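Asks: First, the structure itself, so that you have it in front of you.
The values are calculated or read from the model by the stated rules, or taken from the named source; none is laboratory data. What you see is a predicted model, and the numbers here were worked out from it, not measured in a lab. All Cβ positions, glycine included, derive from the backbone under ideal geometry; neighbour counts span all protein chains shown. The protein model used for the area step is the full one, side chains on, heavy atoms only, and it has no ligands, DNA or RNA in it. Shrake-Rupley method; radii C 1.70, N 1.55, O 1.52, S 1.80 Å.
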Amino acid sequence: MTTVLADNPFPACDDSVMAHIRASDASATARTRELVEDLADRGWYHSIELPGGNVIEGLHSADHLRARLARFGLPEDLRGRRVLDIGAWDGWFSFEMERRGAQVVAVDVVERETFRRARQALQSKVEFVVSDIFQLSPDRLGRFDIVLFLGVLYHLKHPLLALEKVCALTSDIACIESFVTDHGDLAAAPAMEFYETDELVGRMDNWVGPNTSCLMAFCRTAGFAQVDFAGVYDQRAHIVCRRHWPAQPQAPAFPPPIVTGAVNHRTGEGILETAFDDYLAVWFKATQTALRREDVLPEIGGFGVQPVYVGHAGADGWQLNCRIPPGIAPGRTMVRVRTTESAFSNAVPVLIDPTPAETAAFGEAASIEIAIVADGRDWQRNQVRLGRDAWLSVWVRGVPEVAARKRVRASIEEHELEVLFLSAPDEAGVRQVNARVPKDVPPGEHRLILSYGEVSSPPAPLRIVP
């Protein structure tokens with residue numbers, strides 16, 4: 001990857017410059033060259049304030065850098081917080097976060113002698129890591145309460161992938177600042193320009209120019225729960241991204257939803273693999289009669305994630321689909337849902353990136369026991385009435401905690417039933433299975449058997465009524 005500039009080359013552009021930022025505008029390209037020459041002469045991009053009142057004068061003044069950071073509204077007291085500064089350059093933002101009490105890790109793609117000198121002069125403990133952003137991961141660095149990603153995105157060929165990396169490293173808030181092609185028109189359709197060589201102000205390390213709507217859509221798609229616009233200044237959009245939903249209402253207007261199932265939309269199983277572009281399908285019941293996508297707030301592994309689909313599934317049933325947010329730890333992960341006017345639902349498990357041993361053990365049942373059999377239409381026990389769309393409901397114990405509907409089988413003697421639904425387990429581990437009854441099952445006394453994998457229940461009595 002090309003060594004990137006970790007900041008926008010326009011320190012204080014007025015509207016006339018902001019309106020002409022293409023390579024075809026010779027004045028903008030010339031201005032950029034002047035700034036690069038000035039940077040080379042100074043040797044410092046950030047101004048650094050030293051003890052005793054001395055200042056290393058850089059291309060950007062300390063006041064200008066403070067103004068950029070202030071737009072994100074971060075607290076003055078950051079004691080006990082971990083902060084990651086991606087694209088740290090000379091380190092002003094890193095050292096400012098440390099001044100506020102945070103433990104800070106700074107990252108850039110090359111060693112920076114200016115950073116080393118500033119750290120020494122400030123007697124700083126900021127850790128400096130040389131790395132490309134695409135090599136960063138929670139396994140390598142851990143997670144951070146706050147991630148600064150300022151002036152980097154448009155220098156990258158794969159901006160959405162970079163934002164997914166940022167999201168994975170963030171446990172609370174990410175501050176995103178990037179060049180944009182507009183002045184913050186949130187009503188505009190998302191759009192992005194691609195610069196193959198030096199189309200943007202004559203610089204070969206500028207790859208993309210999203211408009212503000214596109215940048216915000218990227219942040220939501222990358223896995224952040226809340227994405228808030230903080231303005232466009234000097235042709236830079238400032239976006240505050242959060243991994244968690246707002247606090248639950250103190251006096252909810254509606255009862256919590258009830259999650260009845262959560263599976264991989266691609267396989268129908270409760271296993272999701274982050275190596276695939278897997279979506280989670282969640283079924284839930286809610287007393288609210290009209291829900292929009294923006295009303296439904298799913299949470300996976302403790303992190304909020306934007307739903308990409310919310311639809312009515314009949315009666316009080318609803319379905320949502322969402323992506324798996326980046327950075328979820330492998331293994332058993334809990335899924336729950338709330339609305340903007342309710343508290344959270346019950347939590348149901350799925351498996352994220354299971355180990356081979358966990359995969360081998362997936363779906364093993366020690367025993368299966370049918371607790372209740374009833375007609376799915378009138379709830380008459382131990383019988384089902386034939387007719388159009390006849391189906392039965394079975395309450396069963398012993399199905400594994402993380403299970404797949406396609407591994408459930410139901411049969412009435414030699415007649416196989418189509419399994420329509422497998423609920424999440426209740427607190428006692430009981431699940432509901434709905435299955436369609438074939439029309440060719442003769443009336444009379446029969447035996448129902450329900451199986452999961454290779455394990456089957458004892459026969460349960462069932463009367464077929466014409």
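Asks: Counting just the residues of the range 236-263 that are in contact (Cβ under 8 Å) with a residue 40 or more places away in the chain and of a type in the set (S, T, N, Q), which one comes out surrounded by the fewest Cβ atoms within 10 Å (Cβ to Cβ)? Spell out how you get there, then give the answer.
Replies: Taking the range 236-263 and keeping what is in contact (Cβ under 8 Å) with a residue 40 or more places away in the chain, we get 236-245, 248-249, 252-263.
Pick out the ones that are also of a type in the set (S, T, N, Q) and you get 248, 260.
Numbers: 248: 14, 260: 22.
So the residue we want is 248.
Asks: Taking the criterion of being more than 28 Å from the chain's Cα centre (by Cα), buried (at least 21 other Cβ atoms within 10 Å of the Cβ) and not aliphatic (A, V, I, L, M), would at least one residue in the range 120-136 satisfy it?
Replies: The answer is no, given that none of the residues of the range 120-136 is more than 28 Å from the chain's Cα centre (by Cα), buried (at least 21 other Cβ atoms within 10 Å of the Cβ) and not aliphatic (A, V, I, L, M).
Asks: Find the residue count for the range 319-333, including only residues that are surrounded by 15 or more Cβ atoms within 10 Å (Cβ to Cβ) and either polar (S, T, N, Q) or touching a strand residue (DSSP E or B) at 6+ places or on another chain (Cβ under 7 Å) (or both).
Replies: Kept after step one, since they are surrounded by 15 or more Cβ atoms within 10 Å (Cβ to Cβ), are these residues of the range 319-333: 319-328, 332-333.
Adding the requirement that they be either polar (S, T, N, Q) or touching a strand residue (DSSP E or B) at 6+ places or on another chain (Cβ under 7 Å) (or both) leaves 319-325, 328, 332-333.
Adding up the residues that qualify gives 10.
Asks: Does the range 241-259 contain any residue that is out of contact with any Leu (no Cβ under 9 Å at 6 or more places or on another chain), part of a strand (DSSP E or B) and within 23 Å of residue 86 (Cβ to Cβ)? Break it down into steps so the answer makes sense when it comes.
Replies: Restricting attention to the range 241-259, the residues satisfying the condition of being out of contact with any Leu (no Cβ under 9 Å at 6 or more places or on another chain) are 242-244, 247-259.
This time we only want the ones that are part of a strand (DSSP E or B), so: 242, 258-259.
Retained after the next criterion (residues that are within 23 Å of residue 86 (Cβ to Cβ)): 242.
So far as the range 241-259 goes, yes, one or more of its residues are out of contact with any Leu (no Cβ under 9 Å at 6 or more places or on another chain), part of a strand (DSSP E or B) and within 23 Å of residue 86 (Cβ to Cβ).
Asks: So, in the range 280-318, how many residues would count as being outside any loop (DSSP other than H, G, I, E, B) and open to solvent by 50 Å² or more (accessible area, probe 1.4 Å)? If you could, list the steps in order and put the result at the bottom.
Replies: Taking the range 280-318 first, the residues outside any loop (DSSP other than H, G, I, E, B) are 280-285, 293-300, 303-304, 307-312, 317-318.
Filter once more, so that each one left must be open to solvent by 50 Å² or more (accessible area, probe 1.4 Å): 283, 285, 293-294, 308-309, 312.
Number satisfying all stated conditions: 7.
Asks: Right, something else. Residue 371 - would you say it is among the small types (Gly, Ala, Ser), modelled with pLDDT of 95 or more and surrounded by fewer than 16 Cβ atoms within 10 Å (Cβ to Cβ)?
Replies: Against the criterion (among the small types (Gly, Ala, Ser), modelled with pLDDT of 95 or more and surrounded by fewer than 16 Cβ atoms within 10 Å (Cβ to Cβ)), residue 371 qualifies.
Asks: Please work out which one of (1) modelled with pLDDT of 95 or more; (2) surrounded by 17 or more Cβ atoms within 10 Å (Cβ to Cβ); (3) over 26 Å from residue 142 (Cα atoms) is the condition residue 66 fails and give its number.
Replies: The number of the failed condition is (2).
Asks: Quick check, is residue 247 among the small types (Gly, Ala, Ser) and over 30 Å from residue 345 (Cα atoms)? Steps first, answer last, please.
Replies: Numbers: among the small types (Gly, Ala, Ser): yes; over 30 Å from residue 345 (Cα atoms): no.
No; evaluated as a whole, the condition is false for this residue.
Asks: To continue, here is another question. If you scan the range 178-192, which residues turn out to be touching a Phe, Trp or Tyr at 6+ places or on another chain (Cβ under 7 Å), open to solvent by less than 10 Å² (accessible area, probe 1.4 Å) and not hydroxyl-bearing (Ser, Thr, Tyr)?
Replies: 179
Asks: Then there's this: Is at least one residue of the range 407-426 in a loop (DSSP other than H, G, I, E, B), modelled with pLDDT under 95 and touching a helix residue (DSSP H, G or I) at 6+ places or on another chain (Cβ under 9 Å)?
Replies: no
Asks: Something else: Of (1) farther than 19 Å from residue 409 by Cβ; (2) of a type outside the set (Gly, Ala, Ser); (3) touching a Gly at 6+ places or on another chain (Cβ under 7 Å), residue 445 satisfies all except one. Which?
Replies: Unmet for residue 445, out of (1) farther than 19 Å from residue 409 by Cβ; (2) of a type outside the set (Gly, Ala, Ser); (3) touching a Gly at 6+ places or on another chain (Cβ under 7 Å): (3).
Asks: I need the full set of residues from the range 334-352 which are among the polar types (S, T, N, Q) and either surrounded by fewer than 16 Cβ atoms within 10 Å (Cβ to Cβ) or part of a strand (DSSP E or B) (or both), in order please.
Replies: 339 - this is the single residue of the range 334-352 that is among the polar types (S, T, N, Q) and either surrounded by fewer than 16 Cβ atoms within 10 Å (Cβ to Cβ) or part of a strand (DSSP E or B) (or both).
Asks: Can you name the residue in the range 265-279 that is in contact (Cβ under 8 Å) with a residue 60 or more places away in the chain and assigned to a strand (DSSP E or B) and is also nearest to the chain's Cα centre (by Cα) among such residues?
Replies: So, considering only residues that are in contact (Cβ under 8 Å) with a residue 60 or more places away in the chain and assigned to a strand (DSSP E or B), the one nearest to the chain's Cα centre (by Cα) is 272.
Asks: Something else: Of all residues being under 15 Å from residue 45 (Cβ atoms) and part of a loop (DSSP other than H, G, I, E, B) in the range 84-110, which is farthest from the chain's Cα centre (by Cα)? Just the residue, please.
Replies: For the range 84-110, the residue satisfying everything is 90.
Asks: Now, a different point. Of the residues 223, 151, 231, only one is within 28 Å of residue 322 (Cβ to Cβ), touching a Gly at 6+ places or on another chain (Cβ under 9 Å) and either among the small types (Gly, Ala, Ser) or modelled with pLDDT under 95 (or both); which? Let's see the steps before the verdict.
Replies: Numbers: 151 fails: within 28 Å of residue 322 (Cβ to Cβ); 231 fails: within 28 Å of residue 322 (Cβ to Cβ).
Only one candidate passes the filter, namely 223.
Asks: Then there's this: Quickly run through the range 137-177 and pick out the residues that are open to solvent by 10 Å² or more (accessible area, probe 1.4 Å) and acidic (Asp, Glu).
Replies: Correct list: 139, 145, 164, 172.
Asks: So for the range 434-448 (the condition being closer than 15 Å to residue 380 by Cβ, open to solvent by 60 Å² or more (accessible area, probe 1.4 Å) and in a loop (DSSP other than H, G, I, E, B)), does at least one residue qualify?
Replies: Yes, the conditions are met somewhere in the range 434-448.
Asks: Enumerate the pairs (first residue in the range 381-405 and free of Cβ contacts under 8 Å to residues at least 60 places away in the same chain and assigned to a loop (DSSP other than H, G, I, E, B); second residue anywhere and of a type in the set (A, V, I, L, M, F, W, C) and open to solvent by less than 70 Å² (accessible area, probe 1.4 Å)) with beta-carbon separation below 6 Å, excluding pairs fewer than 6 apart on the same chain, so at least 6 apart or on different chains.
Replies: 390/384; 390/437; 398/365; 398/368; 400/365
Asks: Quick one: residue 58 ticks every box in (1) under 16 Å from residue 150 (Cα atoms); (2) in contact (Cβ under 8 Å) with a residue 24 or more places away in the chain; (3) not charged (D, E, K, R) bar one, so which box is it?
Replies: Of the numbered conditions (1) under 16 Å from residue 150 (Cα atoms); (2) in contact (Cβ under 8 Å) with a residue 24 or more places away in the chain; (3) not charged (D, E, K, R), the odd one out for residue 58 is (1).
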